[in-house]
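Have a look at the structure below, then the notes.
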Amino acid sequence: MTLQTSNKHCARTEHSPLLETYLAPLQSACKDNHEVLDLACGFGRNGQYLAEQGLSVIFADRSVDALDSIELLPEGNSRHWQVDFETPGSPLSGKQFAAILVFRYLHRNLFDSIKQAIKPGGMIIYETFTVDQAKIGRPKNPNFLLESGELNEVFSTWQVLHQFEGIDNENAIAQIVAIKPKP
């Protein structure tokens with residue numbers, strides 16, 4: 001795991017409203033200094049919002065340029081992890097996070113690793129495109145599009161706080177916010 005720091009300005013748009021809505025449960029999941037992983041973070045708009053709220057965030061992406069654009073806060077509660085999640089094996093193996101954020105990214109081979117890497121009582125916030133997106137615009141490749149009900153099925157044993165599947169802001173998406181059961 002390679003962690004880097006940078007002080008460059010974050011090129012981001014607005015964070016997801018899901019983060020504001022579920023900030024209190026995220027904060028609760030992060031007690032005892034557990035971290036949030038912003039997986040395939042791109043320019044880090046969602047993780048940056050959480051870091052600004054005082055949560056410890058690891059921004060993970062394969063793009064060094066994207067990671068370098070993320071402004072890490074001086075309090076040291078955020079850091080970079082340059083990693084390609086699509087290489088064989090799981091870079092999440094043996095790691096534990098209070099929460100994992102996944103926005104606009106789908107690599108089905110990671111589902112089990114994501115579930116394993118969230119501590120009991122931790123959270124998943126996942127939003128990405130569904131197969132209906134191909135009728136609207138990009139992406140069109142079915143490898144990057146969720147089937148109807150797929151995200152709900154993957155997290156079917158978790159406590160679901162929010163789920164949505166449909167058209168939002170002219171995109172066909174599925175969302176889930178869920179808490180991993182405690183043993």
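Readers should treat all values here as calculations from the given coordinates under stated rules, not as data from a laboratory. Keep in mind it's a predicted model, so treat the numbers as computed, not measured. A quick note on method: Cβ atoms are made from the backbone with ideal geometry, for glycine too, and the neighbour counts reach across all protein chains shown.
For the chain, adding -39500 (n - 2.57) for each run of n ≥ 4 DSSP H residues and dividing by the number of residues yields -5000 deg cm²/dmol at 222 nm. In the chain, a dipole from Cβ-located charges (positive for Lys and Arg, negative for Asp and Glu) runs towards its positive end, and of A40, Y126, F155 it is F155 whose Cα lies farthest in that direction. Computed from phi, the 3J(HN,Hα) profile of the stretch 131-139 under the Karplus parametrisation 6.51, -1.76, 1.60 (θ = phi - 60°) reads 4, 5, 4, 4, 7, 9, x, 8, x Hz, with x in place of Gly and Pro.
Ranking of R104, R79 by neighbouring Cβ atoms within 10 Å, starting from the fewest: R104, R79. GNM on the chain, alpha-carbon springs under 10 angstrom: the most fluctuating residue among V36, V160, V102 is V160. Taking the Cα centre of the chain as origin and assigning +1 to Lys and Arg Cβ atoms and -1 to Asp and Glu Cβ atoms, the resulting dipole is close to 320 debye.
Using a Gaussian network model of the chain in which every pair of alpha carbons under 10 angstrom is joined by a spring, one finds that among S63, S113, S93 the greatest mean-square fluctuation is at S93.
If both residues of a DSSP beta bridge must be in the stretch 3-179, then about 45% of such bridges are antiparallel. Against the set [x] 20.3; [y] 16.5; [z] 17.4, the structure's computed Kirkwood radius over Cα pairs in Å falls on [y]. Mind checking which of L110, S69, P17 is farthest towards the positive end of the chain's charge dipole, using Cβ charges of +1 (Lys, Arg) and -1 (Asp, Glu) about the Cα centre? Highest projection toward the positive end goes to L110. Relative contact order of the chain, taken over Cα pairs closer than 8 Å and 6 or more residues apart, is 19 percent.
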